Protein chains: 2
Amino acid sequence: MTAKLYCFGESGNAYKCALAMTLADMPWQPVFVDFFRGETRTLEFRKLNPMGEVPVLVDGAETLSQSGMILDYIVGQTGQLGGRTKAEARQVWRWVLWDNQRLSGTVGTCRYLMNFAAKDRVPEGVVPFLQARLNSAYTILNDHLAARPWVAGGDGPTVADLACAGYLYYPEPWGFSRSDWPQIDRWLDRIAALRGWRHPYELMPGNALDLA
Amino acid sequence: MTAKLYCFGESGNAYKCALAMTLADMPWQPVFVDFFRGETRTLEFRKLNPMGEVPVLVDGAETLSQSGMILDYIVGQTGQLGGRTKAEARQVWRWVLWDNQRLSGTVGTCRYLMNFAAKDRVPEGVVPFLQARLNSAYTILNDHLAARPWVAGGDGPTVADLACAGYLYYPEPWGFSRSDWPQIDRWLDRIAALRGWRHPYELMPGNALDLA
C-alpha cells in the first residue's frame, strides 16, 4: 500500500514529510490540497484533520497529522533518519520541537504575509516583529551547525535536519538571505546533495509561481 | 536524586513540566532563573541550554531542554500521564506538537507583549494579529473538548492536557476570557481538581505580581 500525503507545494511542513519519505525510500503519493482556494476550511477536510492543517498522512488504517508525528512515523516505518543512538534520537526530537516552536511556524507566517496575503490584511509592524524573532532563531541554528554537520549531532542526516530546513529552500522572500548565515547555507547545500533530494516545488503539486 | 527544574513562575512551559512531575509524584526541586534580569542570555545559562530557553531539567546525568522532551522524559520515568494505549499515546504527542506550534508560543508572546515588554517596543498591529491567530486555536481546542473530557481522548489526564493548559491559568491579561470558551473553561477546572494540582505561582519561584 502506498502512503498518501495530503499536501501542496507551498507547505514547508508537508515538504518535510515528503522529503523524509523520499530520502528513506518509503513509497508515497501526493494528494493535492487546494489550500489557497480554502480547501482546509471545508467540512470534508476537517473530517480528515479537525486541526485544519496540512500535511496529513494516510497509510492503510493510519491517519496522521502534525508533521512532527508524521516524521516520527516515517522513522518507525523505515528505520531511517531517526539517529543511530538513543542520545542522538533524543536530540532529533529536541530539535523537531524547537523547529515547531521557534522556526517553521514563524517563517511560514512571515512568508505567507509577505507573498500570499491580501496587502490590506497585513497589519503594519507584524512582519518586522516576526523577522526580529526569526533572526534570533537563525543565530541559534547557525551557531549550532558551526560545531557539527547535522542538527542532531550524529554522522548523518535525520528528520531534525529536514524539519529545520523545510521552509528554507523556498524562493519567495521573507527576509532571509542564506549569505547572512554561512553555516546554515552550507548545511542546506549538504542536505540538497543527498541522494534523492528534490526541491519542494518538484516534489509536491502546487507552486507559488502559479499563483502570481 | 532529586531532579532540578530550571524555571521561573511566569514561564508556562516550565509550569507544564513542574505540574507533570508534581502530579506524577516525581521528586523535583526548582532552580530559579532570573529571566527578567537577562539570565537566559548569559554565557553560563547558554552552556546549560544553547537554545537560551527555560525550562531545563537536570536529572542525574541527563540535561534536557524543550518542554515537550521533558514531558516525554517524565512519562518515561514515572509511567504516568502518557496515555494508556498506543493510540492514546500517539494523540498525546500530536497535541503536544499542536500546542507547541499553535497555542503556547503565541499565548506566551502575546502575554509578554501586553504585560512585560516596554510599551515603546511593542509594534502596534502585533497584539491584535496574535490574538486573531489564538482565537482560531481556542476554537479548535474548545470544539475538540466538546466530545471528550481529556485532550488525548482517554479516560484520564495526560501531558497533552498539561501542555495545552499550561499558559491558560495565568492571571495577566492577553485577550483570553475563559467564559468565551465553555469547554476549555470546564476542562481547566477538571485539571485544577486533580490531586496535587497547584497554580504556577504556587509551584515555582517568581511571580509577575512581584514585578509590578
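The values are calculated or read from the model by the stated rules, or taken from the named source; none is laboratory data. Small disclaimer: the values here were computed from a predicted structure and weren't measured. Cβ coordinates were reconstructed from backbone atoms using ideal geometry, including for glycine residues, and neighbour counts include every protein chain displayed.
May I ask you to say which residue of A:Gly82, A:Gly68 is within 12 Å of another protein chain (Cβ to nearest Cβ), crowded, with 16+ Cβ neighbours inside 10 Å, under 18 Å from the mean Cα position of the chain (by Cα) and touching a residue at least 60 places away in the same chain (Cβ under 8 Å)?
Matching residue, one of A:Gly82, A:Gly68: A:Gly68.
Which of the numbered conditions does A:Met114 fail, given that it passes all the others? Conditions: (1) farther than 25 Å from B:Val127 by Cβ; (2) in contact with an Asp or Glu (Cβ under 8 Å, 6 or more places away or on another chain); (3) in a helix (DSSP H, G or I).
A:Met114 satisfies every listed condition except (1).
Search the stretch A:102-118 for residues that are within 11 Å of chain B (Cβ to nearest Cβ) and pair each with any residue that is in a loop (DSSP other than H, G, I, E, B) and hydrophobic (A, V, I, L, M, F, W, C) when their beta-carbon atoms are under 6 Å apart and the residues are at least 6 apart or on different chains.
A:Leu113/A:Val122
Cβ-Cβ distance below 9 Å, separation of 6 or more or different chains: which pairs start in the stretch B:23-49 with a residue that is within 18 Å of B:Pro200 (Cβ to Cβ) and end on one that is surrounded by fewer than 13 Cβ atoms within 10 Å (Cβ to Cβ) and of a type in the set (Val, Ile, Thr)?
B:Trp28/B:Thr2; B:Gln29/B:Thr2
Pick from the stretch B:141-162 the residues that are within 11 Å of chain A (Cβ to nearest Cβ) and touching a residue at least 40 places away in the same chain (Cβ under 8 Å): which of them is surrounded by the fewest Cβ atoms within 10 Å (Cβ to Cβ)?
By that ranking, first place goes to B:Asp143.
Among the listed residues A:Thr22, A:Thr40, which satisfies the condition of being of a type in the set (S, T, N, Q), under 15 Å from the mean Cα position of the chain (by Cα) and surrounded by 14 or more Cβ atoms within 10 Å (Cβ to Cβ)?
Exactly one residue qualifies, and that residue is A:Thr22.
State yes or no: is A:Asp34 surrounded by 19 or more Cβ atoms within 10 Å (Cβ to Cβ) and of a type in the set (D, E, K, R)?
Here the answer is no, as A:Asp34 does not meet what is asked.
Can you name the number of the only condition in (1) touching a Leu at 6+ places or on another chain (Cβ under 6 Å); (2) in the same structural domain as A:Met21 (by TED's automatic domain parsing); (3) of a type outside the set (Asp, Glu); (4) in contact (Cβ under 8 Å) with a residue 60 or more places away in the chain that A:Ile74 fails?
It is condition (1) that A:Ile74 fails.
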